[in-house]
Amino acid sequence: MGDSEPFDALMAMLDPPMVVVTAAVGGERGGCLIGFHAQSSIDPGRYTVWLSKANHTYRLALRATHLVIHFLGADDVALAARFGTLTGDEVDKFADLAVRAGPGGAPELLTHPHRVVLRRVALLDEGGDHVCVVTEPVAVHSTGRLAPLRLSAVAHLHPGHAAAERPHPVTERADPPGPR
């Protein structure tokens, strides 16, 4: 599709729920706010997230065995701002939060009752600015009802990293060898 305007316009009409995804490797932990996520299989159960290659969390998720998805409620704008506008390259986003290390060390935000602990099963990098991480649920925590925080409620936030900040080469597939 040469002209992305119709696609961009259609996507702008959607209002996906926002989540915080967390990961840890070797004592280093990270988390970021994402809107690209979905159930991707019924049997076996699978959940898929797409992580920006610019994010600190992406670099951890490449090596992590587990991730945790925290479903944010409509009143979680401050947490969304923390995980969406700050970068784990510079700050500890988990400071002053109630956190425990779950499977594989993945941080679980204990104040958020709607979360899924996931084991990473596959990665797909087709060359775009995000990588697809396919996971399987290993634990689900959910209490009460959830009125999700939507993209429209956090659209004013500015990301901690711009897409152009992703490391170069991003991956071999995204930056194939050869003349330029």
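Structure values in brief
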| quantity | calculated |
| --- | --- |
| Considering residues of the stretch 102-123 that are under 21 Å from L33 (Cβ atoms) and surrounded by fewer than 14 Cβ atoms within 10 Å (Cβ to Cβ) only, the residue nearest to the chain's Cα centre (by Cα) | L123 |
| Enumeration of residues in the stretch 130-159 that are aliphatic (A, V, I, L, M) and in a strand (DSSP E or B) | V131, V133, V134, V138, A139, V140 |
| Members of the stretch 11-35 found to be surrounded by fewer than 24 Cβ atoms within 10 Å (Cβ to Cβ), in contact (Cβ under 8 Å) with a residue 40 or more places away in the chain, touching a strand residue (DSSP E or B) at 6+ places or on another chain (Cβ under 6 Å) and within 19 Å of H66 (Cβ to Cβ), listed by number | R29 |
| Test: V68 is touching a residue at least 12 places away in the same chain (Cβ under 8 Å), more than 20 Å from L124 (Cβ to Cβ), of a type in the set (V, I, T) and touching a helix residue (DSSP H, G or I) at 6+ places or on another chain (Cβ under 8 Å) | no |
| Qualifying positions in the stretch 71-88 - under 13 Å from A155 (Cα atoms) and touching a Gly at 6+ places or on another chain (Cβ under 9 Å) | G84, T85 |
| Subset of the stretch 36-72 [out of contact with any strand residue (DSSP E or B) (no Cβ under 7 Å at 6 or more places or on another chain) and surrounded by 18 or more Cβ atoms within 10 Å (Cβ to Cβ)] | A54, R59 |
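Values in this text are rule-based calculations from the coordinates and carry no lab data. This is a predicted model, so every value here is computed, not measured. When we count neighbours, we look across all protein chains shown, and the Cβ atoms used for this are built from the backbone with ideal geometry, even at glycine.
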